[in-house]
Amino acid sequence: MSNRKIRSQRQCYSPTERFDYLQKLLHEFNVTDSREAKRQVLANICSFAYNPINFEALNRLNIIPTLLDSLRLKDDKLKEFAISGLCNLSA
């Protein structure tokens, strides 16, 4: 894949759009009672953590405390996703 194509993919969402999308994901994670939905949403949030372009939005939304709180849940899959997200953020 060319650098030009990669660059255009990274810039396809404005910082405001990215923040709004992550905010909606976080809200859904916090309000849903479905275990499967929580897993999917947390996995989606954590996939944003690998890219430094998302760090500001993740920080403004206090995602790290959410990930740390997820480590206390009884669901091992949620714990796994939370650990992945924390690892992605630490890079």
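The values are calculated or read from the model by the stated rules, or taken from the named source; none is laboratory data. Just so it is clear, the structure is predicted and the values come from calculations on it, not from any experiment. We place every Cβ from the backbone using ideal geometry, glycine too, and count neighbours over all the protein chains shown. Heavy atoms of the whole protein, side chains included, go into the accessibility calculation; ligands, DNA and RNA do not. Shrake-Rupley method; radii C 1.70, N 1.55, O 1.52, S 1.80 Å.
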message: Relative contact order of the chain, please, whole-number percent, based on alpha carbon pairs below 8 angstrom and at least 6 residues apart.
response: 28
- prompt: When ligands, DNA and RNA are left out and all protein chains stay put, how many square angstrom of accessible area per residue does the chain have with a 1.4 Å probe?
  reply: 70
query: To the nearest 20 debye, what charge dipole does the chain have about its Cα centre, counting +1 at the Cβ of each Lys and Arg and -1 at the Cβ of each Asp and Glu?
result: 340
- request: With springs connecting C-alpha atoms under 10 Å apart, model the chain as a Gaussian network and identify which of Ser14, Ser47, Ser70 has the largest mean-square fluctuation.
  value: Ser14
statement: If the chain between Ser90 and Phe55 were fully extended at 0.36 nm per residue, the gain over the current Cα-Cα distance would be 11.6 nm
- prompt: When the accessible area of the chain is computed with all protein chains present and a 1.4 Å probe, what percentage of it is carbon and sulfur?
  reply: 50
task: May I have the convex hull volume per residue, in Å³, for the Cα set of the chain?
output: 99
task: Please name which of Ile64, Ala49, Leu25 has its Cα lying farthest along the dipole of the chain towards the positive end, using unit charges on Cβ (Lys, Arg +1; Asp, Glu -1) and the Cα centre as origin.
output: Ala49
